[in-house]
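What follows draws every value from the coordinates through simple rules; no lab data is involved. These numbers come from a predicted model, not from an experiment. Ideal geometry is used to build each Cβ from the backbone, glycine not excepted, and the neighbour counts take in all protein chains shown.
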Amino acid sequence: MSGGWKGQGAVEGGREARGRRYWRAADAPPAISTARPWREFPPGAELPPDAVSRREFLRLAAAGAALAGLGGCFEPPRERILPYTARPPEVTPGVARYYATTMTLGGFGTGLLVESHTGRPTKVEGNPDHPASLGATGVYEQASVLDLYDPDRARAPRHLGAIRPWSAFVDAFAPEAGAPDDGTGLRFLLPPTASPTTTRLISAVRDRLPAAGFTFYAPLSPTDPAEGARLALGRPLLAQYDFRAADVVLAADADFLAAMPFALRYARHFTDRRRLHGPDDAMNRLYTIEGVFSVTGATADHRLRVRTAEVGDVLAAILAEVAAVPERLPGGAPPGLATALERFRATGGRERWIRAVARDLIEHAGAGIAIVGERQPPWVHGLAHALNALLGNAGHTVRYTPSPLAEAGASSHTLEPLVAEMRAGRVRTLVILGGNPSYDAPADLEFRRALRAVPRTVYLGLHENETAADCAWFLPMLHYLEAWGDARAYDGTASPIQPLIAPLYGGRTADEVLAVFLGDVGRSAHALVRETWRAALGADFEAAWDAALTRGIFEGTALPPVPAAVQWDPLLRDLATREPRPPAGRDSFEVVFTRDARVYDGRFANNPWLQELPDPLTKLTWDNAAVLGPGTAARLGVRTGDLLALRRHGRELRIPAFILPGPAEDSISIPLGYGRAGAGAVGRGVGANAFTLRTSEAPYFAGDLTVEPLAEMPPVRLATTQSHWSLDGRPVALEATLTEYRENPDFTAEMRRPPRSLYSPFTYTGDQWAMTIDLTVCTGCSACVIACQAENNTPVVGKEDVLKGREMHWLRIDRYFTGDAGAPDVVMQPMLCQHCEKAPCEYVCPVNATVHSPDGLNEMVYNRCIGTRFCSNNCPYKVRRFNWFDYNSDVPETREMQFNPDVTVRARGIMEKCTFCVQRIRRAQIRSRLDGRPLGGNDVQTACAQACPTRAIIFGSLGDPASEVSRTHRLPRSYAVLDDLGTRPRVRYLARIRNPAPTLAATDRAATSAGAEGAGAGAGKGGGAPPAER
Amino acid sequence: MAHPSPERIDAPPVLHGRPDDAALTEQLLAPLWSRSRIWLLLFLLTGAGTALFVLTMTLTFLAGIGLWGNNIPVAWAFAITDFVWWIGIGHAGTFISAFLLLLEQHWRASINRIAEAMTLFAVINAGIFPVLHLGRPWFAYWLIPYPATMAVWPQFRSALPWDFAAILTYFTVSLLFWYVGLIPDLATVRDRAPGLTRRRIYGLFALGWRGAARHWQQYRIAYGLLAGLATPLVVSVHSIVSMDFAITQLPGWHSTIFPPYFVAGALYSGFAMVLTLLLPLRRAFHLENVITERHLDSIGKMVLAMGWMLIYSYVCEIFIAWYSGDLYERYTFLFARPAGPYARVFWLMIACNVLTPQALWFGRLRRRPLVLFLASILIQIGMWTERFVIIVTSLNRDFLPSSWHFYMPTWVDWGLLFGSIGFFLLLFLLFLRFVPAVPIFEVKRLRYEAAGEV
């Protein structure tokens, strides 16, 4: 689509005949006046109407009517208006358009395509051209669109609580740019950023005001990886992993499938090596060493449970094993390494495991990856760099680039010096650009008290939160869907952030605030970003700019790998100081502060979708809890929900216990991001604030926690969506090892026994929609769950109704534990309407409200449903959802703007369930009819399939024998759940194949999974029960 | 009926003493004229229960089913339990009136009207619950096969339209049967009522009955025909109700024994309810002469017989679940019910339904009102828990362990249950106050039969 348009730039999607056409840039005139700064959109495409200027808006807001601002968005102007007879050419009501933009999390950008309906962004998809997305999205990206419409977002700049115009802020702070003292006492605090424009402005401020200081802080962006690289490689480089080339992966406390930068890409590439088309295909093998039970650990072929602090010891032992056989390594091993690590080699009972991993890594030298989690200390990162170097992985599966983060590896990434300055009264002006340090700074720094010592404080934030309450000036920040900007991905690829909608409440970006300190008060974010790229994009700037907006990336901006060699001497010196940890004392526990799979560091606490999303492993919603293993719980004598008092260094946190099989014993992990006093109506007071225990000397884990069960306190009711965790011997989620699969590729045959019928089979013709779900590659990350919710206007029900078992998710992920309760295996099984050909729900409905479509969908006729719920009773999969209340009646007006106009918003008292995204099917059918070409079997994607980072969900038509879904339905390891009931589901599962190491498989695995695996290859595991006889 | 039915020598008589017609009429009409404080107290009490019923119904209509404890997977719970319980209770009346009439069991004469009234009120309650339990109750009429402009018919493969029709039919026939049986006595009330207004009202409902031979002849024919019509309904209604469960493939519901099992259970609870109502009534209005130990004995035997049919069904269900070898059936019957989360409810059901009736093997116990009353209460509780066990324990743990979820009723659920009991008793109190509870003309006839004069 490059160069196809200029200026007006509007090409209607339906008419454009060539190439991909699903997103394009909005037009943006280069000159932006300050009076009406947000005119980059065509008329009619955005809300609020142009008649409401910022000044008008502020006046209304100042009048004190809480909803006046919002109401003002929808009021027609008082003057006489006329409807347009010619609609803007680029807007067709009912036809969605896609725009490329970028969401930034943890400093790194992920490229997105955002669906827009008549100017409202409604749904986020991944940008296939962006390296961090590859077309997929995670839960945060999917849910971010709801944050845009958060009614609790800040709406106006304030000074000491009073609403002030932006110009008042400018007047107060623009003189700083020309201050004679070079910015002495001026400090900026912002989360780590890789944005080229922000980076440019930071350097510009530093140039202009040399005495000004910048500090980068985010609670989940540790400096340990950079320090580890500095230790081992001499420079704070970033490791770039290529999982496509890795046969063996060793993840040391690294949740690279879900919770690291680039996780979407890693998940995709990692699972590409596990996608079995037949028994002869090869498969990679994943070992994990971890204390917290992570999504990656649940996917692993072998998972070693050790406390988080001992992960380094195990990794050192593996490195020692590898170094002990220099003759088998591509480049040998440096002298002294084996001896330096000798004392790590005998670590209580793990030798067998360690030796097997080392052997496997050596056998796959050059095709392995050792990856360490960000929260591990630098020396553990150093071990991984050493291991990758010894094995020859560096240069093949691991490459090194400089970090795209601004001032990466510099001392400006630690918070302590700034706080010390603040306490000492050396900070005159503190400008906080995003983040929420009053909430998430380490507790021992007492950031709030330090903040009070600063005379002039400014906070730019999406919400008037904890930090806003502590600062004199508050400026509302723009959400990324309404802002201009740019970002860099983990590999350095730059991508634009372009707005989908005019700002709902007004606001600024960090770039615009920084520009004020350059005296550049009139520049919009749009102009600032363009200025950054004007030089970089060369002569034909406009064309290149347009191309970047269209594709969503700036071509060729990935950082090139740099040669990096391990500096053995400093590393060996450091290792010489390390001692293996002794076993934990009886009275102290390890505490691990984890990134929450739902609210991240608390920034998404006001997002109801995320609050109600079940955690991938605990299945907990609307709360956090101290997660501990069954052994630890038995030792403490607590049960799930019992309140614990956790104490560290005189600090105490009261939080309910949650017993999960699988974490290391004596290790307690607490997700961060809860207990927010300053969140909006949704997130306020949900859960317990683990930041109160977190100190700067041990921000991620510490071993000196004391735990006291508060037996006298009433237990907390924790809302989980799955109360039974075992398969009870039922053949529902099937699995086998790779060896078993190769010996008997048809091992699911037992499960393909639909009962004989008296009736002759029905002949299906034309498109027949179906789905395949590959349990081998499903990690349980839950992106599909949020994608489904966003696409299908699924309501949120709240904690009380989740406790009652009324969550409305059309797609849920069933998580079963098998084997030993201490170190269980996990299988994740996405469960949704199976679209049975002989659907049990259909014949029991008294009013024909659920019927079958000719193309194989089990349809819900909402208008006809009277809510007998008979269908749900007869659904063996229990995937139907009932509107117990009028859940949509109290959706805030702004959140209603997120609703997908193609999907009915359901009323009270009716059933609903997965529709296979029928609106997408029908849209594709209409399109194909208009285009006069047949619809291909792979041409429709459901929301869940589109979001899935690992492509575990495959959707398409069985009518096309060449379609991906037809092919996978024919695979021998495919099976239908409860096929023996005769429901003939259209969703088939591919049994999970594990790839245990041959040396470990025979004993260690079987020992922990009760021997169920060998006997029950065709029958699912758990409890060792025999397969069903039906 | 020219000959008195053969009586066992040792059986107590169906009528004590030889009161003359006037005295009998006087005695049986007395409740209609009396101003009893106890009645007023009970009326207020049951009125409060009715208010609770109305309140919880209104709340449910206004806010939705979410006020109840139901969830996915337990989409049906208290309301359907209450429905099946009430419709079961509603079975004994027609059985006593029609079935036993056709079988020429004359002892039924003194108690049939109470049983029929009970049936009627129970069916009213039973009819409320399925409508209330709809997500959108205002569309309940879509279950009726009427020629809608949308040209959509109900789905006849589902049990629910049939259920709807069966209940409606049963209610209609029960009402007619009760009313037709009432006509001669309404005429008696008309003739005896003090005050013109009452005479006019009773006269209106008496349909001009004068006791002519022709009237009696036509009455007998009509009553007999209605009895013939009602008798199959006793079997059909609860059979169809059982289909609501049996047509599904849910373990615990998917069972061919359900129709006879449900009918037996219905009669069991119905007879128990007859006892619950009859015994206090007999004592309060001194009806020992017309409702004798003979009646109590006969009902006791019926309860025992029905109890054993139920026990047979229980054993059969469990045996078949084991014998089928089906993993899920076995789990439901052999584990989930006796040892699962609702095991206490299951064992309460066993204690009430299986152990209680065994006391009725003994004739002396069968004739002791207190024993019978206690047994009847236990059986009511047992039969309610039986429906709860069938519905909730099957639903809360079905095929996929991931979807298993506990069900806990809310105060609205309890309010509807106790409110419906209050409403039922309120209707019954009104019945006692305005209509002769014991059929006067039939008792008189019994008297003549006993004397061998008929």
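Things worth noting here:
- Residue in region A:805-819 that is away from chain B (no Cβ under 14 Å), touching a helix residue (DSSP H, G or I) at 6+ places or on another chain (Cβ under 7 Å) and touching a residue at least 12 places away in the same chain (Cβ under 8 Å) present: yes
- Within region A:873-895, the set of residues being outside any loop (DSSP other than H, G, I, E, B), at the interface with chain B (Cβ under 7 Å from one of its Cβ atoms) and among the polar types (S, T, N, Q) comprises just one member, A:ASN873.
- Per-region count, region A:904-917, residues hydrophobic (A, V, I, L, M, F, W, C) and either touching an Asp or Glu at 6+ places or on another chain (Cβ under 7 Å) or farther than 18 Å from A:CYS833 by Cβ (or both): 3
- Residues that are surrounded by fewer than 20 Cβ atoms within 10 Å (Cβ to Cβ), assigned to a loop (DSSP other than H, G, I, E, B) and within 7 Å of chain A (Cβ to nearest Cβ) within region B:128-154 comprise B:ARG136, B:VAL152, listed in sequence order.
- Against the numbered list (1) away from every other protein chain (no Cβ under 14 Å); (2) under 30 Å from A:ALA300 (Cα atoms); (3) touching an Asp or Glu at 6+ places or on another chain (Cβ under 6 Å), A:SER696 comes up short only at (2).
- In region B:68-103, the residues that are more than 30 Å from A:GLU807 (Cα to Cα) and facing another protein chain (nearest Cβ under 10 Å): none
- Every residue from region A:857-871 that is among the hydroxyl-bearing types (Ser, Thr, Tyr), surrounded by 24 or more Cβ atoms within 10 Å (Cβ to Cβ) and touching a strand residue (DSSP E or B) at 6+ places or on another chain (Cβ under 8 Å): none
- The residues of region A:200-212 that are surrounded by fewer than 22 Cβ atoms within 10 Å (Cβ to Cβ) and not in a helix (DSSP H, G or I), listed by number, are A:LEU209, A:PRO210, A:ALA211.
A quick yes/no check of all residues on (1) touching a Gly at 6+ places or on another chain (Cβ under 8 Å); (2) among the aliphatic types (A, V, I, L, M):
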site	(1), (2)
B:ILE111	no, yes
B:ALA117	yes, yes
B:PHE139	no, no
B:PRO147	no, no
B:ALA151	no, yes
B:ILE167	yes, yes
B:THR172	no, no
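- Residue within region A:767-774 that is aromatic (Phe, Trp, Tyr), over 30 Å from B:TRP404 (Cβ atoms) and touching a residue at least 24 places away in the same chain (Cβ under 8 Å) present: no
- Hits in region B:308-364 (condition: away from chain A (no Cβ under 14 Å), in contact with an Asp or Glu (Cβ under 9 Å, 6 or more places away or on another chain) and surrounded by fewer than 15 Cβ atoms within 10 Å (Cβ to Cβ)): B:GLY363
- Enumeration of residues in region A:707-730 that are within 16 Å of A:ASP623 (Cα to Cα), part of a loop (DSSP other than H, G, I, E, B) and within 14 Å of chain B (Cβ to nearest Cβ): A:ARG717, A:LEU718, A:THR721, A:GLN722, A:SER723
- Selection from region B:55-66 of residues that are more than 14 Å from chain A (Cβ to nearest Cβ) and either within 10 Å of B:PHE418 (Cα to Cα) or surrounded by 14 or more Cβ atoms within 10 Å (Cβ to Cβ) (or both): B:LEU55, B:THR56, B:MET57
- Qualifying residue in region B:384-395 (condition: crowded, with 21+ Cβ neighbours inside 10 Å, without any contact (Cβ under 8 Å) to a residue 40 or more places away in the chain, assigned to a helix (DSSP H, G or I) and under 22 Å from the mean Cα position of the chain (by Cα)): no
- In the set B:THR385, B:THR276, only one residue is among the hydroxyl-bearing types (Ser, Thr, Tyr), away from chain A (no Cβ under 14 Å) and touching a Leu at 6+ places or on another chain (Cβ under 7 Å); that residue is B:THR385.
- Flag if A:PRO854 is buried (at least 20 other Cβ atoms within 10 Å of the Cβ) and of a type outside the set (D, E, K, R): no
- Restricting attention to region A:679-706, the residues that are in contact (Cβ under 8 Å) with a residue 12 or more places away in the chain and assigned to a loop (DSSP other than H, G, I, E, B) add up to 14.
- B:SER255 under 30 Å from A:PRO846 (Cα atoms) and in a helix (DSSP H, G or I): no
- Residues that are out of contact with any helix residue (DSSP H, G or I) (no Cβ under 8 Å at 6 or more places or on another chain) and not charged (D, E, K, R) were ranked within region A:777-804; the one that is surrounded by the most Cβ atoms within 10 Å (Cβ to Cβ) is A:CYS778.
- Criterion applied to A:PHE899, A:PHE916 was being within 21 Å of A:ARG984 (Cβ to Cβ), part of a loop (DSSP other than H, G, I, E, B) and more than 14 Å from every other protein chain (Cβ to nearest Cβ), and the one residue passing it is A:PHE916.
- Per this entry, A:ALA849 is counted among residues that are among the small types (Gly, Ala, Ser) and either surrounded by fewer than 24 Cβ atoms within 10 Å (Cβ to Cβ) or more than 21 Å from A:ALA945 (Cα to Cα) (or both).
- B:LEU348 being assigned to a helix (DSSP H, G or I), touching a helix residue (DSSP H, G or I) at 6+ places or on another chain (Cβ under 9 Å) and without any contact (Cβ under 8 Å) to a residue 40 or more places away in the chain: yes
- Selected residue (criterion: nearest to A:THR904 (Cα to Cα)) from residues of region A:841-872 that are polar (S, T, N, Q) and more than 7 Å from chain B (Cβ to nearest Cβ): A:ASN863
- Residue that is nearest to the other protein chains (Cβ to nearest Cβ), among those in region B:238-268 that are in contact with a Leu (Cβ under 6 Å, 6 or more places away or on another chain) and crowded, with 24+ Cβ neighbours inside 10 Å: B:GLY265
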